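Colleague: My questions will all concern the structure given below.
Coordinate-derived values only; no laboratory data. Since we're looking at a predicted model, the values are computed, not measured. Here the Cβ is made from the backbone with ideal geometry for all residues, glycine too, and neighbour counts use every protein chain on show.
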Amino acid sequence: MRSFFIIIQFFLLFMLGANLQAKVIVANQVIEGDFHDTITGPGILGLVFYDSDSKTLTLNNVSISGPEQTDTSDYYYFRAIYVENSDITIRLIGENTISSFSGIYLRNSKCSFVGNGTLTINVPHLYGIMLSHCDTLSFKGCSVVINSGDEGNLQWPGLYVYVSTATQPHPDDPDNNCQVFIDSAALTIHSPVCMRNVVGMHLRGSRIVTPEGAYFDSDRMTVVDPDGNVCSDLTIL
């Protein structure tokens, strides 16, 4: 009997490992196995380089574009950048732009934006950066601008931490431990809601400039202005 339970445990661990395979997708192109090369293809202009050993994606004066139409099903599957079960560093060099229906989606993955470059994310219909079961998102030394959700029907935020109980979003989900760190970096968000379901926001060498007097409200899990209204335009320098 004891041997039977040991076999079952090994089987469950094996299945868990199989379900946690790392996945990186750039402009709908799946990066598989040991990869240390330039990524090219439809929707990519500029130098996109991924190194699977260091788990670093470098954007060097890049433009990533994809479907923006909502009358076909293709836009649901376009992913400007999608990372699952893999911590990743996104290094920004020069000026970089994402213009698509879907922005950056991080699932069960820590992400750190670094470098001295900029990234502008233009996603009129959905979120700018979505995180699911991610505990850390950090920005260090770089500048990120998110323009999102203005044309959407669901008031998508710039930074959206998705947590759920069954099929309904539930911000008090115990699996939500997402902390955002901004270290000597700039983050600008223009969206109906600047961020949603963020457990904590930590500033080091950066400060909220707009709106004046705005602060992170841990109870509401977002940034609010002095009157308690959720910020739609947020500038951190």
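Colleague: For Asp150 and Val30, what does the FRET efficiency come to when R0 = 41 Å and r is the distance between their Cβ atoms, rounded to the nearest 0.05? Walk me through the numbers before you get to the answer.
Modeller: Details: r = 30 Å, r/R0 = 0.74.
My answer for the efficiency is 0.85.
Colleague: Taking θ = phi - 60°, what integer Hz values does the Karplus form 6.51 cos²θ - 1.76 cosθ + 1.60 yield along region 125-137, in sequence order, with x for Gly and Pro?
Modeller: Taking θ as phi minus 60°, the curve returns 9, 10, 6, x, 10, 10, 10, 10, 6, 10, 9, 9, 10 Hz for region 125-137.
Colleague: Using the Karplus curve 6.51 cos²θ - 1.76 cosθ + 1.60 with θ = phi - 60°, work out ³J(HN,Hα) for each residue of region 200-209 in order, rounded to whole Hz, and write x for Gly and Pro.
Modeller: Calculated HN-Hα couplings, in order: x, 10, 10, 10, 9, x, 9, 8, 6, 9 Hz.
Colleague: Next up: 5 Å is the cut-off here: which amide hydrogens, built 1.01 Å from N in the peptide plane, fall below it relative to Asp217, excluding neighbours closer than 5 in sequence?
Modeller: Thr222, Val223, Val224
Colleague: Something else now. List every residue whose amide H lies under 5 Å from the amide H of Tyr127, counting only residues 5 or more places away in sequence or on a different chain, with H placed 1.01 Å from N in the peptide plane.
Modeller: HN-HN under 5 Å from Tyr127: Gly103.
Colleague: Round to the nearest 0.05 the FRET efficiency obtained for His202 and Ser63 when R0 = 41 Å and r is the Cβ-Cβ distance. Each step should come with its number before you reach the end.
Modeller: Details: r = 31 Å, r/R0 = 0.76.
So, using R0 = 41 Å, E works out to roughly 0.85.
Colleague: Here is a follow-up. Between Thr40 and Asp183, how high is the FRET efficiency from 1/(1 + (r/R0)^6) when r is the Cβ-Cβ distance and R₀ = 22 Å? Nearest 0.05.
Modeller: E(calc), rounded to 0.05, equals 0.10.
Colleague: Okay, moving on. Between Ala22 and Ser54, what length comes free when the chain is fully extended (0.36 nm per residue of separation minus the Cα-Cα distance, one decimal in nm)?
Modeller: Details: separation 32, 0.36 × 32 = 11.52 nm, distance 1.34 nm.
Net length gain for the segment: 10.2 nm.
Colleague: Give a residue-ordered list of calculated ³J(HN,Hα) values for region 37-48 (Karplus: 6.51 cos²θ - 1.76 cosθ + 1.60, θ = phi - 60°; whole Hz; x for Gly, Pro).
Modeller: 6, 7, 9, 10, x, x, x, 10, 10, x, 9, 10
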